[in-house]
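What follows is a single structure, written as structure tokens, with notes after it.
The values are calculated or read from the model by the stated rules, or taken from the named source; none is laboratory data. Note that this is a predicted model, so its numbers are computed, not measured. Here Cβ is always computed from backbone atoms with ideal geometry, including for glycine, and neighbour counts include all displayed protein chains.
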Number of protein chains: 2
Amino acid sequence: MTTANRVHNFCAGPCTLPVSVLEEVRDEMLNFGGTGMSIIESSHRAPAYDAVHMEALADFRSLAQVPEDFSILFLQGGASLQFAQVPLNLLAPQESAAYLTTGTWGKKAFADAQLVSEAYQAWTGADEGFARMPSTSDFDLHPGTRYLHITSNETIGGIRFPEYPTVDLPLVADMSSDFLSRPIDWDRFDLVYGGAQKNLGPAGLAIVVVRKELLGRSERTLNSYMDYRTHDKADSMANTPPMFAIYVMGKVLKWMQAAGGLEEFERRSAARADLLYGTIEQSEGWYRSPVDAASRSHMNIVFRLPSEDLEKQFVVEAAASGMVNLKGHRDVGGIRASVYNALDQQSVVALTDFMTEFQATNA
Amino acid sequence: MTTANRVHNFCAGPCTLPVSVLEEVRDEMLNFGGTGMSIIESSHRAPAYDAVHMEALADFRSLAQVPEDFSILFLQGGASLQFAQVPLNLLAPQESAAYLTTGTWGKKAFADAQLVSEAYQAWTGADEGFARMPSTSDFDLHPGTRYLHITSNETIGGIRFPEYPTVDLPLVADMSSDFLSRPIDWDRFDLVYGGAQKNLGPAGLAIVVVRKELLGRSERTLNSYMDYRTHDKADSMANTPPMFAIYVMGKVLKWMQAAGGLEEFERRSAARADLLYGTIEQSEGWYRSPVDAASRSHMNIVFRLPSEDLEKQFVVEAAASGMVNLKGHRDVGGIRASVYNALDQQSVVALTDFMTEFQATNA
């Protein structure tokens, strides 16, 4: 197997991973670390897996510069389960939290929070087609609010908070779609969570980073799995963890550390985004970004062509040239190029070259 | 990579998988099905993954002969999350369920059920050291009980229900540790669940098979992930599923179907168990099974040696001969040989040969 037959994968998630990581996983599939078995056949209590697990926890802490007063949890159920698990663990029954409806994901987080706790909407972008992130002055915050929930990047709309909002409240953030693509200012956050499957590894793993002093503060009676304390006190091995996803993420974290850490990945993602938005700008309106310039995502670059027919043709011809998963989400249409951490700059160059050529041919 | 350096893996879970499956996974790791990407880089909405997912659902139904009036759900959080999710979905607030405390897993299921609903213990084996499964006449069942929860096989104690109990109530079963090792009489069950990581695939996937007419019957307000209906109506793709685990399980299901289905695996597991228990019997008390003969597990064969020192020596010498993970669970000590679906009979022959030789040398 060579890498020659690999495509440029612009999928919104799960997403492309470093080839060197995939090669290691392949080479270890029948015999991991000399154990005579695959990692997916190993006991989670075995020393070989334990080392992988504890290193992944330590490497996540080191790479993301997570302070010691935060606990890092490896959980299952995706960000979707966190939509309920977060308020159940952070909000006492009489307390309430503010949510920002900035797109599909913010909406889902708010819906679940309302089902299990007191939560209100401090802003919605629905009337504006979710084309921008709000500024702090837009927020309708009530006194006594426990936290403000944000979605750092909306995958479908293609918008992000360029800076995390400055408010007199702790922030809680769903960072699924730009997790570890830029440094995190931990002082501002009570909790950060996200699925691994965009920037970090395979689907089936959610990472929760929570201020330790908050564990147990909701004083709710929670079943064992839903109580963060269960996982915190067992280093996320209270039950069998999603071992393969943790193992692959561990390799990705080491690859990121070796490449230069979060500052380097912030630089790379800005370079990818600049190239794409630059190509859109240079098209003089032939390609068009539907979102507010200040809110443009560095992960999910959404753009439109002069017609839906041209958009269809664009997706088909791009795929024929080995650039796949460029069709926009069915809710919004258009084109979406997702450019996560492991996507090589040469894939973006290939796409922007194609965009220029496609315009020249079809304009 | 040859298979020559593979060990005999007697792990209680996660556990050994068919080498042919691991080889396929290895060969597809950089390019799955000609897509130019790994399955772990694929969108869960992509046609190639969709086919894998829908085939896994169909193959599970076909292999386990699941009737059409049951829904099959692929979930995350393991059996541990089901300990709460089951009563939350099946029990209305005023209803109650009976639980059997047959060992560590039955105890955990009951503890969580009590936290989220009305539940009572219809029997406990604690006073007898969890050395047997109860008979129907042992049960203390209250009128109006909604279901009886059983653990079909207790991994740590090494006991199983040779026949599922006959009661005038629907059964709910945690089958994690003997899932699809024998046919299931669906008429008797309202719901069956289990983690995949014993007999079926990697950790990070739980399978729930639930009678469709019961979906939504608890009338509780549940958050999206915890409500089975969310997953049922989306073919378990309401959120990003644990794709890799489903993909590997799909291959294991096809391997099982090709090998002859559940009747064949019941026959194989009986053969493995007979060989091991037979060796114990033939030792004339040198090896000793601590559990009731009628309740002996066909998956986790637990036995003792004349002293703890000999047990330690046994584990060390077996490992030196390529037979690993034979140490009993820390709660009970002794030796535990877990012999799941994919464990080759020749591994059991190697172990029983070793047992005979070890006795001859050390008796």
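For segment A:78-89, filtering for residues that are in contact with a helix residue (DSSP H, G or I) (Cβ under 6 Å, 6 or more places away or on another chain) and farther than 18 Å from A:LYS198 by Cα leaves 4. Taking (1) without any contact (Cβ under 8 Å) to a residue 24 or more places away in the chain; (2) over 30 Å from A:ASN325 (Cα atoms); (3) facing chain B (nearest Cβ under 9 Å) in turn, A:ASP27 satisfies each apart from (2).
Give the residue, chosen from A:ALA259, A:ALA234, A:ALA196, A:ALA245, that is within 14 Å of another protein chain (Cβ to nearest Cβ), within 30 Å of A:LEU30 (Cβ to Cβ) and surrounded by fewer than 20 Cβ atoms within 10 Å (Cβ to Cβ).
After ruling out the rest, the residue left standing is A:ALA234.
In this structure, does B:VAL208 turn out to be within 14 Å of chain A (Cβ to nearest Cβ) and either aromatic (Phe, Trp, Tyr) or assigned to a strand (DSSP E or B) (or both)? Criteria met by B:VAL208. Against the numbered list (1) within 14 Å of another protein chain (Cβ to nearest Cβ); (2) surrounded by 20 or more Cβ atoms within 10 Å (Cβ to Cβ); (3) in contact (Cβ under 8 Å) with a residue 40 or more places away in the chain, A:VAL7 comes up short only at (2). Among the residues making up segment A:46-83, those that are within 12 Å of chain B (Cβ to nearest Cβ), touching a residue at least 12 places away in the same chain (Cβ under 8 Å) and more than 18 Å from the chain's Cα centre (by Cα) are A:ALA48, A:TYR49, A:HIS53. Summed over segment A:110-160, the residues that are within 20 Å of A:SER176 (Cα to Cα), outside any helix (DSSP H, G or I) and small (Gly, Ala, Ser) give a count of 5. Going residue by residue through segment A:3-15, is there one that turns out to be among the small types (Gly, Ala, Ser) and closer than 26 Å to A:ASN153 by Cβ? Looking for residues that are among the small types (Gly, Ala, Ser) and closer than 26 Å to A:ASN153 by Cβ, one finds at least one in segment A:3-15, hence yes. From the list B:ASP190, B:ASP174, the one residue that fits, being surrounded by 20 or more Cβ atoms within 10 Å (Cβ to Cβ), closer than 22 Å to B:PRO14 by Cβ and away from chain A (no Cβ under 12 Å), is B:ASP174.
Look at (1) surrounded by 14 or more Cβ atoms within 10 Å (Cβ to Cβ); (2) under 30 Å from B:SER38 (Cβ atoms); (3) away from chain A (no Cβ under 14 Å); (4) not β-branched (Val, Ile, Thr) and you find that B:ARG304 fails only one, number (2).
Condition first: not in a helix (DSSP H, G or I) and not assigned by TED's automatic domain parsing to the domain that holds B:SER218. Can you find one or more residues in segment B:71-78 that meet it? Looking for residues that are not in a helix (DSSP H, G or I) and not assigned by TED's automatic domain parsing to the domain that holds B:SER218, one finds none in segment B:71-78, hence no.
Pairs meeting the criteria (first residue in segment A:224-237 and under 14 Å from A:ALA84 (Cα atoms), second residue modelled with pLDDT of 95 or more and part of a loop (DSSP other than H, G, I, E, B), beta carbons under 7 Å, at least 6 apart or on different chains) are A:TYR225/B:GLY77; A:TYR228/A:LEU215.
Inspect segment A:120-127 for any residue being in contact with a helix residue (DSSP H, G or I) (Cβ under 9 Å, 6 or more places away or on another chain), surrounded by 18 or more Cβ atoms within 10 Å (Cβ to Cβ) and in contact (Cβ under 8 Å) with a residue 40 or more places away in the chain and give the result as yes or no. Checked against the condition, which is being in contact with a helix residue (DSSP H, G or I) (Cβ under 9 Å, 6 or more places away or on another chain), surrounded by 18 or more Cβ atoms within 10 Å (Cβ to Cβ) and in contact (Cβ under 8 Å) with a residue 40 or more places away in the chain, segment A:120-127 yields no hits at all. When B:GLN94 is tested against (1) out of contact with any strand residue (DSSP E or B) (no Cβ under 6 Å at 6 or more places or on another chain); (2) crowded, with 24+ Cβ neighbours inside 10 Å; (3) not in a helix (DSSP H, G or I), exactly one condition is not met: (2).
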